[in-house]
Amino acid sequence: MQRVSEIRRRNARALRDQAGSNKAFAECVGVEPPAASRVLSSKATRNIGDDFARRIESAFGKEDGWLDSLHEQPSAHDDNVVAMPSRSDNSVEQAPIMSGMAPLLSWVQAGAWTDTSASIIDDGDQESFPRPPNCGPSCFVLRVRGESMMEVYPPGTLIFVDPDVQAMSGDDVIVQCEEHGSAEATFKRYIEEPGQPPMLKALNRGWAQQYMTLGPHCRIIGVVMAQMMLRR
């Protein structure tokens, strides 16, 4: 029986082939090309961990756990290749089409977001990006600042936030806390544990305050649904 690490690598290579190259795969997932090569090359030096596996699945529109299971029989000529579905296979659904644009907001604008916040957006002046297919019409974009979420979201990463999605434990969320005296929103992972108050977690393991309580004066503005890294 194959180990999960081997299955993940084979499936990730299939997605890499679908993307066209290691570089294209890295851009889609939001990592540097060398990081992709370390897990995809024939001389891979690292396995794909749980967090990175979920990140790859999200980037390619796959459900959680997709990377951990075999989906197609490998080619008879190359045991390291996962066969991709035939284009003529009518059972394969077409990729969802991206439609509409999401405006790029400042962190102050995000902190002021409410159910009626459309008035804070000036579509004529604000930069916007194509809205991912898993985001609703109220989706907006933020540019990551600082290093508190560095493990997954380097500074400069564009994150797509949907204010109409209900946050669940493990989601990365945009939060505004009045008790901190700042109009700006902040970005953390939402954590719920039985018998404990909801928490916010910084993904940077070296961050001074990695956990904070989601207090009564804090409100979740939206859930991060997708991310994108611009190279230029």
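Key figures
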quantity: Subset of the range 162-213 (residues that are surrounded by 15 or more Cβ atoms within 10 Å (Cβ to Cβ), touching a helix residue (DSSP H, G or I) at 6+ places or on another chain (Cβ under 7 Å) and not charged (D, E, K, R)); calculated: ILE174, GLN176, ALA185
quantity: Meets criteria (in contact with a helix residue (DSSP H, G or I) (Cβ under 9 Å, 6 or more places away or on another chain), surrounded by 12 or more Cβ atoms within 10 Å (Cβ to Cβ), at pLDDT below 90 and of a type outside the set (S, T, N, Q)) for ILE120; calculated: yes
quantity: Some residue of the range 5-12 being hydroxyl-bearing (Ser, Thr, Tyr) and closer than 25 Å to LEU230 by Cα; calculated: no
quantity: Looking only at the range 139-151, and only at residues there that are of a type outside the set (A, V, I, L, M, F, W, C) and surrounded by fewer than 18 Cβ atoms within 10 Å (Cβ to Cβ), the one that is modelled with the lowest pLDDT; calculated: GLU151
quantity: Strands (runs of 3 or more DSSP E) enclosed by the range 136-217 - at least 2 residues per element that are without any contact (Cβ under 8 Å) to a residue 60 or more places away in the chain; calculated: 140-143, 172-177, 186-191, 199-201, 211-213
quantity: Single match in PRO74, PRO132, PRO154 (criterion: at pLDDT below 85, surrounded by 11 or more Cβ atoms within 10 Å (Cβ to Cβ) and either closer than 27 Å to ALA14 by Cα or among the acidic types (Asp, Glu) (or both)); calculated: PRO74
quantity: Hits in the range 124-162 - residues which are aromatic (Phe, Trp, Tyr) and under 15 Å from LEU230 (Cα atoms); calculated: PHE129, TYR153, PHE160
quantity: Every residue from the range 13-45 that is of a type in the set (D, E, K, R), crowded, with 19+ Cβ neighbours inside 10 Å and closer than 19 Å to GLN227 by Cα; calculated: ARG16, GLU27
quantity: Total residues in the range 151-173, condition under 13 Å from the mean Cα position of the chain (by Cα) and among the hydrophobic types (A, V, I, L, M, F, W, C); calculated: 6
quantity: Any chance PRO34 is of a type outside the set (Ser, Thr, Tyr), at pLDDT below 80, not assigned by TED's automatic domain parsing to the domain that holds GLN176 and not in a loop (DSSP other than H, G, I, E, B); calculated: yes
quantity: Cross-chain or 6+ apart pairs with Cβ under 8 Å, the range 41-64 first and in a loop (DSSP other than H, G, I, E, B), then of a type in the set (Asp, Glu); calculated: GLU63/GLU57; ASP64/GLU57
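The values are calculated or read from the model by the stated rules, or taken from the named source; none is laboratory data. Computed from a predicted model, the values in this text were never measured in an experiment. Every residue, glycine as well, gets a Cβ built from its backbone with ideal geometry; the counts of neighbours run over all protein chains shown.
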